[in-house]
1. Would you pick out the residues in the stretch A:138-165 that are part of a loop (DSSP other than H, G, I, E, B), among the hydroxyl-bearing types (Ser, Thr, Tyr) and under 23 Å from residue B:271 (Cβ atoms)?
2. Would you say residue A:114 is under 19 Å from residue A:274 (Cβ atoms) and modelled with pLDDT under 95?
3. Return a yes/no flag: does the stretch A:237-245 have any residue that is modelled with pLDDT of 95 or more and more than 30 Å from residue A:51 (Cβ to Cβ).
4. How many residues does the stretch B:251-272 contain that are within 11 Å of chain A (Cβ to nearest Cβ) and of a type in the set (Lys, Arg)?
5. Go through A:171, A:176 for me and flag whichever is crowded, with 22+ Cβ neighbours inside 10 Å and under 24 Å from residue A:216 (Cβ atoms).
6. Does the stretch A:227-250 include one or more residues that are acidic (Asp, Glu), under 14 Å from residue A:183 (Cα atoms) and more than 14 Å from every other protein chain (Cβ to nearest Cβ)?
7. Could you check how many residues of the stretch B:89-124 are buried (at least 18 other Cβ atoms within 10 Å of the Cβ), outside any strand (DSSP E or B) and acidic (Asp, Glu)?
8. Taking the condition of being free of Cβ contacts under 8 Å to residues at least 12 places away in the same chain and in a helix (DSSP H, G or I), how many residues in the stretch B:259-272 meet it?
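The values are calculated or read from the model by the stated rules, or taken from the named source; none is laboratory data. Quantities reported herein were computed from a predicted structural model and do not represent experimental measurements. Backbone-built Cβ (ideal geometry, glycine too); neighbour counts: all protein chains shown.
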2 protein chains.
Amino acid sequence: MTRLAVGVDIGGTKVAAAVVTDDGTVVARATSPTPTQELGSGAVEDALVGVITELGAAHSVEAVGIGAAGLVADGRVLYCPHLPLRGEPVAQRVSQRVGLPVVLDNDANAAALGEARFGAAREAAVAVCVNLGTGIGGAVLAQGHLLRGANSLAGEFGHMTISPDGLPCECGRRGCWEQYASGRALERLVPGQRGAEITAAAGSGDVAAVSGLAEVGRWLGLGLANLVAAYDPDLIVVGGGVSDADVLLLDPARAALAQQLFASAWRPPVPVVRAVLGVDAGVVGAAALALGLG
Amino acid sequence: MTRLAVGVDIGGTKVAAAVVTDDGTVVARATSPTPTQELGSGAVEDALVGVITELGAAHSVEAVGIGAAGLVADGRVLYCPHLPLRGEPVAQRVSQRVGLPVVLDNDANAAALGEARFGAAREAAVAVCVNLGTGIGGAVLAQGHLLRGANSLAGEFGHMTISPDGLPCECGRRGCWEQYASGRALERLVPGQRGAEITAAAGSGDVAAVSGLAEVGRWLGLGLANLVAAYDPDLIVVGGGVSDADVLLLDPARAALAQQLFASAWRPPVPVVRAVLGVDAGVVGAAALALGLG
């Protein structure tokens, strides 16, 4: 019998939700604007309850999974610069209001799990997953299971220092990888346009846009080489909005990875592939978490 | 009933072996010089068989574990600049000659496992282990088990790029962490002395030696901050010869880690401790592997 869960992805501009089956199929959707910082955590909870209730009224769902950018542990968003959540027990509060079990996780964890169960990483022994959005979200799957760390804070690859004394980062430090390989980095390299516009322009042959994506790709590959040295994956999955640029981003990344890969003579090449679930990765993965497929 | 195994640590200058109990106690030892490059892999196998046979004659051992620096997979040392081993099936050949099961692993994996079962990492949920010798050996334990990667090549932290366009590395790339935080780095910073001499001089208050260790410690902490962002450990264990400098190395490392730690406000501090098994970590850990305690 097919089991159903609601998966929710809290983004900077919208709360996207979907009813998802246990084989990863989206059968219904609902969205709501993400409340602004001023409205506070209660407004975020109201938005979550709204989309969950709407979907739950028409489908027999057994649980809810929520993915959110930022540091997530114990059902709370500890820190996220783009959301008005500061440690409140969101999972518990929403669970009480909707009458369903609710799990809350980092959005990159959710997306990686979606790819592991239903997407690009189904066959991988060890998959390193990075999501290039405004910053870099990261997760690692070993034998299909997320490596969460001691405090559920693993996979914060975007804040690995790749250039000491490099560019300042919002985290207060310098030279973080996400300052060089992310949507924000792309927008800095090609000023005056948003990431999606740059990708579109690059697709039309705009030289500055192509060059910007290649530079982001080069830094992406350099950082990925570090992650290969550490984790020894047999697959790298790149998702997030910047990955829409496909080969314009990934080919320069693959070239840099090949050049920078430690011990390349003694290991198989590591494929770098695009995430296949696209914008649905977050809701599908969150639903998989809710269904105990983590 | 106490079970016994022979643990062997193939170092650059000597092959150290010990009979080790299943609670990590060393009950007998044997050593042999490490054959030079010119003598080839057969001489290494002869040396291994020699120490194993010597110890096995006096103790009822059930298996043999061997740790070697370098890239190790499938019972072979794929690559190690300091040993005359180039992919030969060492474990299989030695096993046939001594009539015992033989496992071969990376020396940092063996040392980390020793610390996990009998040493500093017994209580850790996720332990990042680094061994500062000539270079950096690395391993990660999650719930007491080594994260080996898809090709058994995980944990090569020494070859993570920490400074693009930085110092050249023996691996052919630039800016590898081990060029900044290792015995070799220390000897470059304090020219004319070997690592152990520098540590001894620092203990006597030699300003240049203290300063060199502090600089190595600073880079050690910077790289450890990257590993914390990636793995979210609750413990960092530092072993290897350079760790004999203790606080002269580790206090600067702890300070740099605290300064560079991402999300430090939202996680417990990560203790940085010295490995407790010292020079025995390799043989004890290799024996633990042989006894199936991995």
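1. Of all residues in the stretch A:138-165, those part of a loop (DSSP other than H, G, I, E, B) come to A:143-144, A:147-156, A:160, A:162-165.
Okay, now just the ones that are also among the hydroxyl-bearing types (Ser, Thr, Tyr), so A:152, A:163.
Matches in the stretch A:138-165: A:152 only.
2. For residue A:114, the condition - under 19 Å from residue A:274 (Cβ atoms) and modelled with pLDDT under 95 - is not met.
3. Within the stretch A:237-245, none of the residues are modelled with pLDDT of 95 or more and more than 30 Å from residue A:51 (Cβ to Cβ).
4. Adding up the residues that qualify gives 1.
5. Details: A:171 fails: crowded, with 22+ Cβ neighbours inside 10 Å.
Within the list A:171, A:176, the selection yields A:176.
6. For the stretch A:227-250, residues acidic (Asp, Glu), under 14 Å from residue A:183 (Cα atoms) and more than 14 Å from every other protein chain (Cβ to nearest Cβ): present.
7. 2
8. Count: 3.
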